[in-house]
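The structure appears below as structure tokens.
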Amino acid sequence: SIQRSIAIDGPSGAGKSTLAKALARELGYVYVDTGAIYRTVGLAACRAGVDPEDGAAVAALLPGLDITMGYGPDGVQRMYLNGEDVSQAIRQHEISRYASCVSALPAVRAFLLERQRKLAQAQDVVMDGRDIGTVVLPGAGVKIFLTAAPEARARRRWLELNERGQQADYDTVLRDVLERDRRDESRAAAPLRRAADAALADTTELDLDQSLALLSKIV
Ligand code: C5P
């Protein structure tokens, strides 16, 4: 492909989306948040009353899902499910669990794979997710594995939820982070892992500015 791609993978709460967004702005690339696409599938399963671990039931939903992406005037990625803007709805705490469960299903990953590749063929992208450097864009020009200690990631997630006015206690958030890490790392289909040629960026001790400076240096 003649387009340039930067793949950023890592566990939740490492600062992926904030940093990928800032990096994309700096480079003039389009930011693609692939977690939001999985979240939209998770939301659809939740609304349909489907058990997100029931592979057959979730697979049966897929052909009826019209999932599209767009960018608002502010440049922020928006997600649409059957025409409805679900950008807020997919951020609910409950939907994180649904997204994590449905994303372990091979049928869901297959459903979304080509879609993600097409986005990267059409434009220069900074794409973030769990398997971008390993599966979606193995030929990406720059690959970064962004991580931080689980406690640091839980603390950031907790602050984020509080800022949005959602009730959450730190211990529950930490437990959810560890549970989600375990599920993302142990699944058979495209597990979360660092690509052999990905640069490791650990943000445990770094604030956002320092983290962005580190990513810019890697790029
Ligand atoms: O990044 P975010 O937390 O929004 O992603 C939600 C869930 O989607 C993750 O827990 C992960 O299980 C899944 N995901 C994935 N592959 C991606 C992006 C997200 O499996 N490329």
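Going by the alpha-carbon gyration tensor, a ≥ b ≥ c the square roots of its eigenvalues, is the chain rounded (a/c under 1.5) or, if a/c is not under 1.5, prolate (a/b greater than b/c) versus oblate? Before the final figure, lay out each step's value.
On the way: a/c = 1.42, a/b = 1.14, b/c = 1.25.
Because its axes are fairly even, with a/c under 1.5, the chain counts as rounded.
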Notebook entry, point to check: Pulled fully out, how much extra length does the chain show between LEU65 and ARG47, if you take 0.36 nm times their separation in residues and subtract their Cα-Cα distance?
Noted result: 5.3 nm
Next item on the list: Report ³J(HN,Hα) in whole Hz for each residue of the range 24-40, in order, from the Karplus equation J = 6.51 cos²θ - 1.76 cosθ + 1.60 where θ = phi - 60°; Gly and Pro get x.
Entry: 4, 4, 4, 8, x, 9, 8, 8, 10, 9, 6, x, 5, 6, 5, 4, 5
Check: If you build a Gaussian network model of the chain, linking Cα atoms that sit under 10 Å apart, which residue out of GLN77, GLN167, GLN121 swings the most?
Finding: GLN167
Check: Can you give me the relative contact order of the range 108-219 as a percent, contacts being Cα pairs under 8 Å and 6 or more apart?
Finding: 34
Next item on the list: Return the single residue from MET79, MET69, MET127 with maximal mean-square fluctuation; model: Gaussian network over the chain, springs between Cα atoms under 10 Å.
Entry: MET69
Next item on the list: Only Lys, Arg, Asp and Glu count, each charged at its Cβ (+1, +1, -1, -1), so figure out the dipole size of the range 16-137 about its Cα centre, rounded to 20 debye.
Entry: 180
Next item on the list: Would you mind estimating how fast the range 1-92 diffuses translationally, via Stokes-Einstein at 4 °C and 1.567 mPa s with the Kirkwood radius over Cα pairs, in µm²/s?
Entry: 88
Margin query: If you filter the range 124-219 for trypsin sites (Lys or Arg not before Pro), then keep DSSP loop positions with at most 16 other Cβ within 10 Å, what is left?
Written below: ARG164, ARG193
Check: Under a 1.4 angstrom probe, counting protein chains only, how are ASP197, ASP176 ranked by accessible area, largest first?
Finding: ASP197, ASP176
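With +1 on the Cβ of every Lys and Arg and -1 on the Cβ of every Asp and Glu, and nothing else charged, how large is the dipole of the range 77-142 about its Cα centre, in debye rounded to the nearest 20?
120
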Checklist line | Residue (of LEU105, CYS46, ALA168) at the positive-pole extreme of the chain, dipole from beta-carbon charges | finding: LEU105
Next item on the list: Could you give the spread of the C-alpha atoms of the range 172-219 along their three principal axes, from largest to smallest, in whole angstroms?
Entry: 33, 30, 11
Notebook entry, point to check: Dipole size in debye (nearest 20) for the chain around its Cα centre, Lys and Arg Cβ +1, Asp and Glu Cβ -1?
Noted result: 420
Notebook entry, point to check: Looking only at ALA110, ALA14, ALA199, which one moves most when the chain is put into a Gaussian network model with springs between Cα atoms under 10 Å?
Noted result: ALA110
Notebook entry, point to check: For the chain, what does -39500 (n - 2.57) per DSSP helix run (n ≥ 4), summed and divided by total residues, give at 222 nm, in deg cm²/dmol to the nearest 500?
Noted result: -14500 deg cm²/dmol
Note to self: Taking θ = phi - 60°, what integer Hz values does the Karplus form 6.51 cos²θ - 1.76 cosθ + 1.60 yield along the range 163-170, in sequence order, with x for Gly and Pro?
What the structure shows: 4, 7, x, 9, 5, 6, 9, 3
Next item on the list: Collect residues whose amide H, placed 1.01 Å from N in the peptide plane, falls under 5 Å from the amide H of VAL126; neighbours closer than 5 in sequence don't count.
Entry: ILE6, VAL30, TYR31, VAL32
Next item on the list: Starting at the first residue of the range 49-63, write each ³J(HN,Hα) from the Karplus equation 6.51 cos²θ - 1.76 cosθ + 1.60 with θ = phi - 60°, in whole Hz, x for Gly and Pro.
Entry: x, 9, 5, x, 9, 8, x, 5, 5, 5, 4, 5, 6, 3, x
Next item on the list: Starting from the amide H of SER87, placed 1.01 Å from N in the peptide plane, find each other amide H under 5 Å away whose residue is 5 or more places distant or on another chain.
Entry: MET79
Next item on the list: Rank VAL177, ALA188, LEU159 by how far each Cα sits towards the positive end of the charge dipole of the range 140-214 (+1 on Lys, Arg Cβ; -1 on Asp, Glu Cβ) and give me just the farthest.
Entry: ALA188
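The values are calculated or read from the model by the stated rules, or taken from the named source; none is laboratory data. A quick note: this is a predicted structure, and the numbers were derived from the prediction, not measured. Ideal geometry is used to build each Cβ from the backbone, glycine not excepted, and the neighbour counts take in all protein chains shown. Ligands, DNA and RNA are excluded from the accessible area calculation, which covers all protein heavy atoms including side chains. Shrake-Rupley method; radii C 1.70, N 1.55, O 1.52, S 1.80 Å.
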